[in-house]
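Please read the structure below before turning to the comments.
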Amino acid sequence: MTTLASLDHVWRSAHPVSYALLKDPPDPSELARFAGLIQAPLPDDYRAVFEWKGGQSALAERGLLPEWRLMQLEEVRMEYGSMRELYEAGEFSAGDWWRPEWLPLLVNAEGVTICYDAFGAMGGHRGQLIQFASDSADRTIWFPSLEALLTSAVADLQSGRGVQFPSGYPMAREASLSPP
């Protein structure tokens, strides 16, 4: 059983109300449209999440992780598009304030996102999950990979003991370039 299949099974049985608020997967043409926006193919593991489910309703009492819900593709597209416009306008075109390879994935109530890093910024590696808040230079690398996040989510849903991070995570970092 894949990690996404395990997640689906455990979430459905442990939290049926929040599971019911997961959206159906987007049409493949919507994923292709987002790939066009980022000007690159979607990473396979990132794409697989959206092929599984299309995000969560903001009304969900339980997110993929406690206090973090899976963004809907339209939210992802809007968040990414806004940041890309600022990037292309030169607002923060260097350093690690924001990178076009950061693909939004999770969001909390304050609008802070956890992004899939398709680049490997801040001394990390491609596929890590990094926290981005537009009003702060603080960056936290939460997980070394999407697989690690999904494995942790399954364990949390099964046990209810909270998120278990891999050894050495989360890692705090500071962006190398502040916004104007």
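Every number in this text was worked out from the coordinates using simple rules, so none of it is lab data. Keep in mind that this is a model prediction, so the values were computed, not measured. So basically every Cβ, Gly included, is an ideal-geometry build from the backbone, and we count neighbours across all protein chains shown.
Only Lys, Arg, Asp and Glu carry charge here, each on its Cβ (+1 for the first two, -1 for the last two); on that basis the chain has a dipole of about 380 debye about its Cα centre.
In terms of overall dimensions, the C-alpha atoms belonging to the chain reach 47, 38, 28 Å along their principal axes, ordered largest to smallest. Near the amide H of residue 132, within less than 5 Å, lie the amide hydrogens of 113, 114, 115, all on another chain or at least 5 residues away, with H placed in the peptide plane. Ranking 36, 83, 72 by how far each Cα lies toward the positive end of the dipole of segment 15-110 (charges on Cβ) leaves 72 at the top.
What Kirkwood Rh does segment 32-106 have if only Cα atoms enter the pairwise 1/r average? Answer in Å. Walk me through the intermediate numbers first.
On the way: mean 1/r = 0.0746 Å⁻¹.
Across segment 32-106, the inverse of the average 1/r is 13.4 Å.
A cut-off of 5 Å between modelled amide H atoms, ignoring neighbours fewer than 5 places along the same chain, links residue 139 with 173, 174, 175.
Compute the distance from the alpha-carbon center of segment 24-99 to that of segment 121-170, in whole Å. What the calculation gives is 16 Å, centre to centre.
Its DSSP H runs of at least 4 residues, each contributing -39,500 (n - 2.57), put the calculated 222 nm mean residue ellipticity of the chain at -11500 deg cm²/dmol, to the nearest 500.
Comparing 103, 119, 159 along the charge dipole axis of segment 21-159, the residue lying farthest to the positive side is 159, per the Cβ-charge model.
Net charge around residue 15, counting only other residues with Cβ within less than 9 Å of its Cβ (Lys, Arg = +1; Asp, Glu = -1)? Don't skip to the end; give the middle numbers.
Working: positive: 12, 62; negative: 61.
Local net charge: +1.
Axis angle, to the nearest 10 degrees, between helix 146-159 and the longest C-alpha principal axis of the chain: 40 degrees. The residues packed around residue 66, meaning those with a beta-carbon under 12 Å from its beta-carbon, carry a net charge of 0 if Lys and Arg are +1 and Asp and Glu are -1. Could you work out how far helix 3-14 tilts from the main Cα principal axis of the chain, as a 0 to 90 degree angle to the nearest 10? Roughly 60 degrees between the two axes.
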